[in-house]
Amino acid sequence: MNARWRLQPLLAFMWCCAAAQTFGANVDSPTFEAVVRPLFEKHCAECHGAKKQKGGMRVDELQPKFDAPDTAARWLRVMERIEAGEMPPKDEDRPPADAVKKVAGWIDANLFAADTARSTREGRGRVRRLNRVEHEYTLHDLFGIDTPLKGLLPEDGMALGFDKVGQALDLSSVLMERYLQAADAALDAAIVHEARPPSIHERFTYAGDNINTNIERDIGDGPQFARVFFLATGNPPTQLRKFKAPAAGHYRFRVGAYAFQSDKPLTYRIYTSELFKRNAESMLVGHFRASPLEDGEYPVIEFEERLDAGQTIKFLPYGIGADIYRIGAATYSGAGLAVQWVDVEGPLYDTWPPTSHTRLFGDLPLGPVLSSGSATPKRTAAPRYGVVSTHPPADAEKIIREFVPRAFRRQVTDEEIVPFVSLADQRLAAGYDFEKAVRVALKAVLCSPEFLLLDERPGRLTDDAIASRLSYFLWSSCPDDQLLRLAAARKLSTPENLHAQVERMLQDPKAARFTKNFTGQWLNLRDIDATVPDKMLYPEFDEYLKASMLGETESFFDDVLRNDRSVMTFVDSDFTFVNERLAKHYGIDEVSGSEFRKVSLPAGSHRGGVLGQAAVLKVTANGTTTSPVLRGKFVADKILGEPPPGPPTGVPAVEPDIRGAVTIREQLAKHREIGQCASCHVKIDPLGFALENYDVIGGWRGNYRSLGEGAHVDTRNRNQGVRYRLGLKVDAADILPDGRTFQDVDEFKKLIAANPDRIARCLAEKLIVYATGSGIGYADRRAIKDIVDSVRPDNYGLRSLVHAIVQSPVFLNK
């Protein structure tokens, strides 16, 4: 057994014993009177007393009480200022070091005791419900469906940067109504009501279809026929109109297409859309690559995509950039996408009824039924197919007994199952057909607290609760059969099994959800669409670049996790992941195609780590210019783990100057003249200025872009000149609060990398909030220190960090 595994139970036991010794312990009042109060009176009261309260803090009235949240919060502020070495100020008389140490130790012991006692009584945080992403994935995995469901639920509240924190996940009557709708939608998708629908396997072309001669033209005939699409403004009607999905399901597509009138490959996009609805919402399938026609040969791409009934696909070339409406497709000599044919196969089913159906009803047959439950419909009525049972009460109970433990994510008692069985029995007695009666019971299960809430009680978690905490941490979904079996046998919580299960889960394809959902919130990637870059200032920004930005960061995080690379890789690295579009944006040569691949960064690229990645740089800027304040707060919170306070009320924000007359540095210098702003900005602004050489979309710049003053720019974008000018020079140099200076982002990254414990602690805290749905309490500090200490010998590996968190008391206790 690994030495660290052997130590984990002992560490947990010692941690709990230490906490137990402080439960109910009285505050050491003699130390307060003899050491703490005299130090405050001599060194602190002048600025934080009756006459003056700098920063809104008053210490002369502080009482040695830590059980009241407000008082404990004030003591915590004092402790943080002492730990940071900020109080007393450096230009004031300093108290003896041993006295400061005694005061800090006294405050630390009492804050730890009070927080431990609270978490023992109440748990580390509130009981929480599933957020809407977890709710959707849980229904998907329960039933074996992939129908979109989260859009039926309202947006979840956010706290501490995540939508998994109990205090922000309220329940309401509106939400309960939506849960009923989502349950219906999931059951509709899982249960079939027809014989196996006919599948198609057919080749479609655009021959004879309506054509928009402004942007399309046909070439060739017979087997050589192709329709050529040219890029145009607006939303070109390039749908494959001859095909309409006959039923919801997965379809396999093969597309024969090539680059027309071009000696270079052409990128194009494919979307799903509802047929004949011009303004219907379109969903991007992906970006693909068409090579020029050579000796009559052309590339064929293949993909699978889920379609709703009535949907089709449409094509759009990418990056051609000519005013095709002005020239006309008939005589246009530029590049286009020639689509010769599209093969469609589907809906694709391995079996019928599909797995989602048999997972609920087993081998019970499908047959025509009426609402009365009769299996013999009237001749004049069209039959409705449904599940037929010759022993409805017994079969209903069997189905419910098998479903409830999976939905509740634990073993259940007869008393818990009886109410749901009774619901089905009542409906059968009222004349409902078998399937409808069972459906009522299943719907009740899906709207019950045991399904919607995570069953976590204060103290050590049960194996069942650990199984759910693990699965919602790494899969954003319910435990699978292996986790449930281990939990039922009370074997999951051993260090060896926890380690083995984390490894298994991280190797499962469902771990991609962890990458997407954690990075989406830790690095704010979900906000990628919150702002739209100004088209005159940043004409090169487009949907393909945006998708590529996200792909880089998610691929990068996945690589660090999969290979247990150091968390310091997030600060700086000698590699990243790019496709052709992002490589062009970064100035990296010899990358072609839409697939992401790992590349070594050339010298001077400034792209190492997440702070040089375009997605992160875009979500920390607005649509016109960058803000060192926003980026500084991001770095302080997400990388250093020192989130700054919010801005004071009544102070106006700094408005960007896109005319190019003044720089943001000049504007912030005036902002710092406001007394209540200066103390925070001196900490925040340098962190943001370090990234100032990156523009709104993450491009590297030496000068700002402006729409007013500045030199003309001899640059073309998609064969058109740009309208922005080359503005004032960027100055990214600054000085950190501790006096260390840097000239650019590369020097800045070296400075913050000098304290790897701080970086690892920050990421550990973010992962713990994400994994447990609770904030970091004062008592958690010691557990987090143990976690960081345990991964230091492994070079702070991210995978090792995940293991250490799962083995820690903070994860295994509520």
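Tally time: how many residues in region 290-307 are open to solvent by less than 70 Å² (accessible area, probe 1.4 Å) and farther than 14 Å from R254 by Cβ? Walk me through how you get there before you give the answer.
If we filter region 290-307 for residues that are open to solvent by less than 70 Å² (accessible area, probe 1.4 Å), which is where we start, we get 290-292, 296, 298-301, 303, 305-307.
Keeping just the survivors that are farther than 14 Å from R254 by Cβ gives 291-292, 296, 306-307.
Of the residues in that region, 5 qualify.
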Worksheet entry | All positions within region 228-243 that are touching a residue at least 60 places away in the same chain (Cβ under 8 Å), under 25 Å from L348 (Cα atoms) and either of a type in the set (D, E, K, R) or open to solvent by 30 Å² or more (accessible area, probe 1.4 Å) (or both) | R241
Worksheet item: Of these, Q167, Q181, which one is open to solvent by 70 Å² or more (accessible area, probe 1.4 Å), among the polar types (S, T, N, Q) and within 20 Å of the chain's Cα centre (by Cα)?
Response: Q167
Worksheet entry | Number of the exception - M549 against (1) closer than 23 Å to L470 by Cα; (2) among the aliphatic types (A, V, I, L, M); (3) in contact (Cβ under 8 Å) with a residue 60 or more places away in the chain | (1)
Worksheet item: When only residues in region 536-563 that are open to solvent by 20 Å² or more (accessible area, probe 1.4 Å) and in contact with a Ser or Thr (Cβ under 6 Å, 6 or more places away or on another chain) count, which is farthest from D714 (Cα to Cα)?
Response: D558
Discussion item. I'd like to check something: does region 326-333 contain any residue that is assigned to a helix (DSSP H, G or I), surrounded by fewer than 22 Cβ atoms within 10 Å (Cβ to Cβ) and either among the hydroxyl-bearing types (S, T, Y) or free of Cβ contacts under 8 Å to residues at least 40 places away in the same chain (or both)?
Written reply: yes
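Does A500 satisfy the criteria of being open to solvent by 20 Å² or more (accessible area, probe 1.4 Å) and either touching a Leu at 6+ places or on another chain (Cβ under 9 Å) or over 18 Å from F811 (Cα atoms) (or both)? Explain how you work it out, then say what you get.
On the way: open to solvent by 20 Å² or more (accessible area, probe 1.4 Å): yes; either touching a Leu at 6+ places or on another chain (Cβ under 9 Å) or over 18 Å from F811 (Cα atoms) (or both): no.
So A500 fails the test.
So in region 707-725, with the set limited to residues that are part of a strand (DSSP E or B) and modelled with pLDDT of 90 or more, which one is nearest to P533 (Cα to Cα)? Working first, answer last.
In the first step, residues of region 707-725 are kept if they are part of a strand (DSSP E or B); the result is 711-712, 716-717, 720-721, 725.
Restricting the remaining residues to those that are modelled with pLDDT of 90 or more gives 711-712, 725.
On the way: A711: 21, H712: 20, R725: 16 Å.
Here the residue is R725.
Residue check: is Q743 modelled with pLDDT under 80, more than 25 Å from L545 (Cα to Cα), open to solvent by 80 Å² or more (accessible area, probe 1.4 Å) and out of contact with any Leu (no Cβ under 6 Å at 6 or more places or on another chain)? Talk me through it step by step, then tell me what you get.
Numbers: modelled with pLDDT under 80: no; more than 25 Å from L545 (Cα to Cα): yes; open to solvent by 80 Å² or more (accessible area, probe 1.4 Å): yes; out of contact with any Leu (no Cβ under 6 Å at 6 or more places or on another chain): yes.
So Q743 does not fit the description; no.
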Worksheet entry | Lone unmet requirement of (1) modelled with pLDDT under 90; (2) of a type outside the set (A, V, I, L, M); (3) closer than 30 Å to S476 by Cα for R129 | (1)
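Take region 420-468 and flag every residue that is over 30 Å from V810 (Cα atoms), in contact with a strand residue (DSSP E or B) (Cβ under 9 Å, 6 or more places away or on another chain) and either part of a loop (DSSP other than H, G, I, E, B) or open to solvent by less than 30 Å² (accessible area, probe 1.4 Å) (or both). Spell out how you get there, then give the answer.
Filtering region 420-468 down to residues over 30 Å from V810 (Cα atoms) leaves 420-445.
Checking which are in contact with a strand residue (DSSP E or B) (Cβ under 9 Å, 6 or more places away or on another chain) leaves us with 433-436, 438.
Scanning region 420-468 gives D433, F434, E435, V438.
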Discussion item. List the residue pairs whose Cβ atoms are under 6 Å apart, where the first residue sits in region 204-219 and is more than 22 Å from G334 (Cα to Cα), the second is open to solvent by 30 Å² or more (accessible area, probe 1.4 Å) and not acidic (D, E), and the two are 6 or more positions apart or on different chains.
Written reply: F204/K242; D209/R241
Worksheet, complete the sentence: Exception for F473 within (1) touching a strand residue (DSSP E or B) at 6+ places or on another chain (Cβ under 8 Å); (2) more than 25 Å from M176 (Cβ to Cβ); (3) open to solvent by less than 30 Å² (accessible area, probe 1.4 Å) falls at (1)
Discussion item. I need the full set of residues from region 789-806 which are assigned to a helix (DSSP H, G or I) and more than 24 Å from the chain's Cα centre (by Cα), in order please.
Written reply: D789, S790, V791, R792, P793, D794
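Within 21 Å of D731 (Cα to Cα) and either part of a helix (DSSP H, G or I) or open to solvent by 20 Å² or more (accessible area, probe 1.4 Å) (or both) - does that describe any residue in region 581-602?
Let us first name the residues in region 581-602 that are within 21 Å of D731 (Cα to Cα), namely 586.
Still in the running and either part of a helix (DSSP H, G or I) or open to solvent by 20 Å² or more (accessible area, probe 1.4 Å) (or both): 586.
Scanning region 581-602, I find at least one residue that is within 21 Å of D731 (Cα to Cα) and either part of a helix (DSSP H, G or I) or open to solvent by 20 Å² or more (accessible area, probe 1.4 Å) (or both), so the answer is yes.
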Item to complete: Say whether the condition of being in contact (Cβ under 8 Å) with a residue 60 or more places away in the chain and within 21 Å of R269 (Cα to Cα) is met by at least one residue in region 555-566.
Response: no
Practice prompt. Quick one: in region 261-288, of everything that is in a strand (DSSP E or B) and open to solvent by 70 Å² or more (accessible area, probe 1.4 Å), which residue is nearest to R203 (Cα to Cα)?
Written response: E274
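Given the options V344, V339, name the one that is more than 30 Å from V192 (Cβ to Cβ), modelled with pLDDT of 95 or more and surrounded by 15 or more Cβ atoms within 10 Å (Cβ to Cβ).
Details: V344 fails: more than 30 Å from V192 (Cβ to Cβ).
It is V339.
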Fill in: Inter-residue pairs, beta-carbon under 9 Å, first at positive phi and in a loop (DSSP other than H, G, I, E, B) and in region 629-651, second open to solvent by less than 30 Å² (accessible area, probe 1.4 Å) and modelled with pLDDT of 90 or more, 6+ apart
G641/I759; G641/C762; G641/L763; G641/A764; G641/K766
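Before we move on, is D572 outside any helix (DSSP H, G or I) and out of contact with any strand residue (DSSP E or B) (no Cβ under 7 Å at 6 or more places or on another chain)? Break it down stepwise before answering.
Details: outside any helix (DSSP H, G or I): yes; out of contact with any strand residue (DSSP E or B) (no Cβ under 7 Å at 6 or more places or on another chain): yes.
So D572 passes the test.
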Item to complete: Go through region 115-136 residue by residue and tally those that are open to solvent by 50 Å² or more (accessible area, probe 1.4 Å) and closer than 14 Å to F451 by Cβ.
Response: 1
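Could you identify the single residue in V103, V133, V78 that is more than 38 Å from the chain's Cα centre (by Cα) and more than 19 Å from V810 (Cα to Cα)? Outline the logic, then answer.
Working: V133 fails: more than 38 Å from the chain's Cα centre (by Cα); V78 fails: more than 38 Å from the chain's Cα centre (by Cα).
Going through V103, V133, V78 in turn, the sole match is V103.
Among L728, L767, L751, which is the only one that is over 24 Å from T626 (Cβ atoms) and either in a helix (DSSP H, G or I) or open to solvent by 50 Å² or more (accessible area, probe 1.4 Å) (or both)? Walk me through it before giving the result.
On the way: L728 fails: over 24 Å from T626 (Cβ atoms); L751 fails: over 24 Å from T626 (Cβ atoms).
Every option except L767 fails the conditions.
Can you say whether K101 is exposed (fewer than 14 other Cβ atoms within 10 Å of the Cβ), out of contact with any strand residue (DSSP E or B) (no Cβ under 8 Å at 6 or more places or on another chain), assigned to a loop (DSSP other than H, G, I, E, B) and without any contact (Cβ under 8 Å) to a residue 24 or more places away in the chain, as far as the supplied structure shows? Lay out the reasoning, then the answer.
On the way: exposed (fewer than 14 other Cβ atoms within 10 Å of the Cβ): yes; out of contact with any strand residue (DSSP E or B) (no Cβ under 8 Å at 6 or more places or on another chain): yes; assigned to a loop (DSSP other than H, G, I, E, B): no; without any contact (Cβ under 8 Å) to a residue 24 or more places away in the chain: yes.
Spelling it out, it is not the case that K101 is exposed (fewer than 14 other Cβ atoms within 10 Å of the Cβ), out of contact with any strand residue (DSSP E or B) (no Cβ under 8 Å at 6 or more places or on another chain), assigned to a loop (DSSP other than H, G, I, E, B) and without any contact (Cβ under 8 Å) to a residue 24 or more places away in the chain.
Give P89, P64, P95, P154 a once-over and let me know the one that is under 30 Å from D308 (Cα atoms) and either assigned to a helix (DSSP H, G or I) or free of Cβ contacts under 8 Å to residues at least 60 places away in the same chain (or both). Give the derivation first.
Values: P89 fails: under 30 Å from D308 (Cα atoms); P64 fails: under 30 Å from D308 (Cα atoms); P95 fails: under 30 Å from D308 (Cα atoms).
Checking each option against the conditions leaves just P154.
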Item to complete: Kindly indicate whether P246 is more than 30 Å from S356 (Cβ to Cβ) and open to solvent by 20 Å² or more (accessible area, probe 1.4 Å).
Response: no
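Which of the residues belonging to region 184-227 are open to solvent by 80 Å² or more (accessible area, probe 1.4 Å) and in contact with an Asp or Glu (Cβ under 6 Å, 6 or more places away or on another chain)?
Start the filter on region 184-227 by keeping residues that are open to solvent by 80 Å² or more (accessible area, probe 1.4 Å), which leaves 188, 194, 196, 198, 201-203, 208, 210, 213, 221, 223-224.
Of everything in region 184-227, those that are open to solvent by 80 Å² or more (accessible area, probe 1.4 Å) and in contact with an Asp or Glu (Cβ under 6 Å, 6 or more places away or on another chain) turn out to be H201, R203.
Being exposed (fewer than 15 other Cβ atoms within 10 Å of the Cβ) and either among the aliphatic types (A, V, I, L, M) or outside any helix (DSSP H, G or I) (or both): is that true of A34 here? Spell out how you get there, then give the answer.
Values: exposed (fewer than 15 other Cβ atoms within 10 Å of the Cβ): yes; either among the aliphatic types (A, V, I, L, M) or outside any helix (DSSP H, G or I) (or both): yes.
So A34 fits the description; yes.
The values are calculated or read from the model by the stated rules, or taken from the named source; none is laboratory data. Nothing here was measured: the structure is a model prediction, and the numbers come from that model. Cβ atoms come from the backbone with ideal geometry, glycine included; neighbour counts cover every protein chain shown. The protein model used for the area step is the full one, side chains on, heavy atoms only, and it has no ligands, DNA or RNA in it. Shrake-Rupley method; radii C 1.70, N 1.55, O 1.52, S 1.80 Å.
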